[in-house]
1. Would a scan of segment 168-184 turn up a residue that is open to solvent by less than 40 Å² (accessible area, probe 1.4 Å), assigned to a helix (DSSP H, G or I) and away from the ligand (no atom under 13 Å from the Cβ)?
2. Which of the residues spanning segment 1-32 are crowded, with 19+ Cβ neighbours inside 10 Å and among the hydrophobic types (A, V, I, L, M, F, W, C)?
3. In segment 116-156, what residues are charged (D, E, K, R), surrounded by fewer than 17 Cβ atoms within 10 Å (Cβ to Cβ) and within 24 Å of residue 67 (Cα to Cα)?
4. Does segment 120-146 hold any residues that are in contact with a Ser or Thr (Cβ under 6 Å, 6 or more places away or on another chain) and not in a helix (DSSP H, G or I), and which are they?
5. Looking at 160, 113, 143, which one is within 23 Å of residue 93 (Cα to Cα) and at pLDDT 95 or above?
6. How many residues are closer than 20 Å to residue 119 by Cα and in contact with a Gly (Cβ under 7 Å, 6 or more places away or on another chain) if we restrict to segment 9-31?
7. Name the single residue, out of those in segment 97-119 being within 12 Å of the ligand (Cβ to nearest atom) and assigned to a loop (DSSP other than H, G, I, E, B), that is nearest to the chain's Cα centre (by Cα).
8. Among 105, 149, 77, 128, which is the only one that is hydrophobic (A, V, I, L, M, F, W, C), out of contact with any strand residue (DSSP E or B) (no Cβ under 9 Å at 6 or more places or on another chain) and within 23 Å of residue 193 (Cβ to Cβ)?
Amino acid sequence: MSDSVPVLTIDGPGGAGKGTISRLVAARLGWHLLDSGALYRLTALAAVKHEVPLDDEPALAGIAASLDVVFLAENDATTVLLEGEDATTAIRTEQVGDAASRVAALPAVRQALLQRQRNFRKAPGLVADGRDMGTVVFTDAPLKIFLTASASERARRRHLQLREAGVDASLSSLLKEIQARDARDMQRSVAPLKPAIDAITLDTTRLTIPEVVDRLTELLTERGLASAT
Ligand code: DC
């Protein structure tokens, strides 16, 4: 695969800040954004909606292939429509996240979503957020980042995020959920979560969001993919 449109891939475990960082970097550069996790979440949500069991691989692959989804980017937020209905909030629940992690372990589902993800690669560039952006989907990307943070820091961030949304959750149960999801994402046989051999690993445990965005912009500039502004 070779394409002149540049892609910045940002892979890593859940809660490392990929979503926020990807959105900010894409906005700074004026590039497109692919939130690939949303596609797995939407597949899981559509399966629940149509009462398809989460282990029926052929049926789930059919759902993934025919997913009726629209991403509406407005200012700094994206509205997600599934079959014409607003699914922006529904795909963010812990239950849908858990179901997405199960659905994402199925090879036929991953295959069904592959081309749909590649179609996001459009000029002037793409920031692709996920688990296998650098290892499978955009192997020729000129800059690959593996964004990580300690599990306890990721649990702390998630706890804070939920508290701000008025949701009371226990820190220890969040940590257990994060560890279980990491294990499932890293141990699956297809497209397991791991850094691409040519990826740069960035540990965000002790970094602020603006620090990470600045570092990525610097790396893009060094490689001639963005101009220094
Ligand atoms: O990043 P997220 O939490 O929205 O991802 C939801 C689930 O989908 C997560 O368990 C990992 C999986 N996923 C994946 O397997 N491959 C991707 N490219 C993106 C997400």
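1. Of the residues in segment 168-184, the ones open to solvent by less than 40 Å² (accessible area, probe 1.4 Å) are 169, 174, 178, 182-183.
Still in the list and also assigned to a helix (DSSP H, G or I): 174, 178, 182-183.
With the extra rule that they be away from the ligand (no atom under 13 Å from the Cβ), the set shrinks to 174.
Yes, segment 168-184 has at least one match.
2. Across segment 1-32, the qualifying residues are 7, 8, 10, 16, 21, 24, 25, 26, 29, 31.
3. Within segment 116-156, 116, 118, 122 qualify.
4. Kept after step one, since they are in contact with a Ser or Thr (Cβ under 6 Å, 6 or more places away or on another chain), are these residues of segment 120-146: 127-130, 133-134, 138, 140-141, 144, 146.
Within segment 120-146, 127, 128, 129, 130, 138, 140, 141, 144, 146 qualify.
5. Working: 160 fails: at pLDDT 95 or above; 143 fails: within 23 Å of residue 93 (Cα to Cα).
Just one listed residue meets the conditions, 113.
6. Narrowing segment 9-31 to residues closer than 20 Å to residue 119 by Cα: 9-11, 19, 22-23, 25-27, 29-31.
The next check asks that each one be in contact with a Gly (Cβ under 7 Å, 6 or more places away or on another chain); those that pass are 9, 11, 29, 31.
Residues in segment 9-31 being closer than 20 Å to residue 119 by Cα and in contact with a Gly (Cβ under 7 Å, 6 or more places away or on another chain): 4 in total.
7. 104
8. Numbers: 149 fails: out of contact with any strand residue (DSSP E or B) (no Cβ under 9 Å at 6 or more places or on another chain); 77 fails: within 23 Å of residue 193 (Cβ to Cβ); 128 fails: out of contact with any strand residue (DSSP E or B) (no Cβ under 9 Å at 6 or more places or on another chain).
Matching residue, one of 105, 149, 77, 128: 105.
The values are calculated or read from the model by the stated rules, or taken from the named source; none is laboratory data. Computed from a predicted structure; not experimentally measured. Using ideal geometry, Cβ is built from the backbone for each residue, glycine included, and neighbour counts are taken over all protein chains shown. We work out accessible area using only protein heavy atoms, side chains counted, and drop any ligands, DNA or RNA first. Shrake-Rupley method; radii C 1.70, N 1.55, O 1.52, S 1.80 Å.
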